[in-house]
1. Pull up segment 39-64, narrow it to residues that are more than 24 Å from THR10 (Cα to Cα) and of a type in the set (D, E, K, R), then point me to the one that is nearest to the chain's Cα centre (by Cα).
2. Of all residues in segment 176-188, which are touching a Leu at 6+ places or on another chain (Cβ under 6 Å) and either more than 14 Å from LEU108 (Cβ to Cβ) or at pLDDT below 95 (or both)?
3. Has segment 90-103 got any residue that is at pLDDT 95 or above, part of a strand (DSSP E or B) and over 29 Å from THR156 (Cβ atoms)?
4. In segment 40-77, what count of residues is obtained for those that are hydrophobic (A, V, I, L, M, F, W, C) and within 19 Å of CYS139 (Cα to Cα)?
5. Within segment 1-17, work out how many residues are in a loop (DSSP other than H, G, I, E, B) and either surrounded by 14 or more Cβ atoms within 10 Å (Cβ to Cβ) or hydroxyl-bearing (Ser, Thr, Tyr) (or both).
6. Looking only at segment 69-100, filter to residues that are of a type outside the set (A, V, I, L, M, F, W, C) and without any contact (Cβ under 8 Å) to a residue 24 or more places away in the chain; which one of those is nearest to PHE123 (Cα to Cα)?
7. In segment 107-131, which residues are within 15 Å of the chain's Cα centre (by Cα), surrounded by 19 or more Cβ atoms within 10 Å (Cβ to Cβ) and not hydrophobic (A, V, I, L, M, F, W, C)?
8. Would you mind telling me which numbered condition in (1) among the charged types (D, E, K, R); (2) surrounded by 14 or more Cβ atoms within 10 Å (Cβ to Cβ); (3) touching a residue at least 60 places away in the same chain (Cβ under 8 Å); (4) under 25 Å from PRO180 (Cβ atoms) GLU104 fails?
Amino acid sequence: MTRLYDISQTIRPGIPVWPGDREFSLTRTWHIEPGCPVNVSEISMSTHTGSHADARLHFDEKGVDSANTALEAYIGPALLLDLSDVVTDLVRPEHLAGLPATVERVLLKLFKSFPHDGWDPDFPAISADAIRFLAARDCKLIGLDVPSLDPQDSKTLDAHFAVDAAGMAILEGLVFDDVPPGDYELIALPLKIAGADGSPLRAILRSLA
C-alpha cells in the first residue's frame, strides 16, 4: 500500500530559525463572534523558516525569485540516503560513491535526530565537490535535513554556487527521522511569492510500493 511521509517541519512559535533571522509569529486578527463568521490570522516569518526551498535570488542579486522558479525539479523520483553515521562535517564525493549512474533527486539525512527544539550551529553541510559529483549524474535537486547546504559560518557559499552552476534545485530543513532510506516520489513545491528569495513548503515523500 502506498504510504505518505510528511518530511516538513511544523511551523510554530518557537521554531528554531537561523541566528538573527525573524522568528515566526501568528496573530489572530479576526475572531468568530457576533457579526464575524470566521477566524483570520496574520503571520510574520522568514522566507527560510522550517522546511524551505532556496530561490536563486537568495544568493544572487540577479537570480530568479520564488514566483518564477521552475517547478519540475520539485516533483518526481527521489533517493533518500542516510549519512548520519558517517558524515560529521561535510558530505564529500566518497560518501556518495554508491549512487547509480543517473539519479534525478537526492535527499540526504545528516542529523541522527532532527533538532526540533534547538539550533545546532555545527550542523553537517555538503561540499561543492559533492554537488558536482551529483550534477555529473544528472541530479536536478538536492535536499537536506540541515538548515543550509553550506556551513553556518560560510561567507562564500561554495555549495550554493555549485548548485547554481549545475542548474539544480535546493531544499533545506527537511525531516527524515521516521523515513527509511530508499526510493520515493517527492512532492515539495515552493510558494509563488513575487520577489521572495525562498519559500516555506509542505514536503512529502510517497512510497513507490
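1. By that ranking, first place goes to ARG56.
2. Hits for segment 176-188 are ASP183, ALA188.
3. Within segment 90-103, not a single residue is at pLDDT 95 or above, part of a strand (DSSP E or B) and over 29 Å from THR156 (Cβ atoms).
4. Of all residues in segment 40-77, those hydrophobic (A, V, I, L, M, F, W, C) come to 40, 43, 45, 53, 55, 57, 59, 64, 67, 70-71, 73, 75.
Those left that are additionally within 19 Å of CYS139 (Cα to Cα): 53, 55, 70-71, 73, 75.
Residues flagged as hydrophobic (A, V, I, L, M, F, W, C) and within 19 Å of CYS139 (Cα to Cα) within segment 40-77 amount to 6.
5. Result for segment 1-17: 9.
6. Initially, segment 69-100 is screened for residues of a type outside the set (A, V, I, L, M, F, W, C), giving 69, 72, 74, 76-77, 82, 84-85, 88-89, 92-95, 98, 100.
Right, trim to without any contact (Cβ under 8 Å) to a residue 24 or more places away in the chain and you get 94, 98.
Values: GLU94: 19, GLY98: 23 Å.
Only one residue fits best here, namely GLU94.
7. Scanning segment 107-131 gives LYS109, PRO124.
8. (3)
The values are calculated or read from the model by the stated rules, or taken from the named source; none is laboratory data. Just so we're clear, the structure is a prediction, and the values are computed from it rather than from any experiment. Quick reminder, even Gly has a Cβ in these numbers, built from the backbone with ideal geometry, and neighbours come from all protein chains shown.
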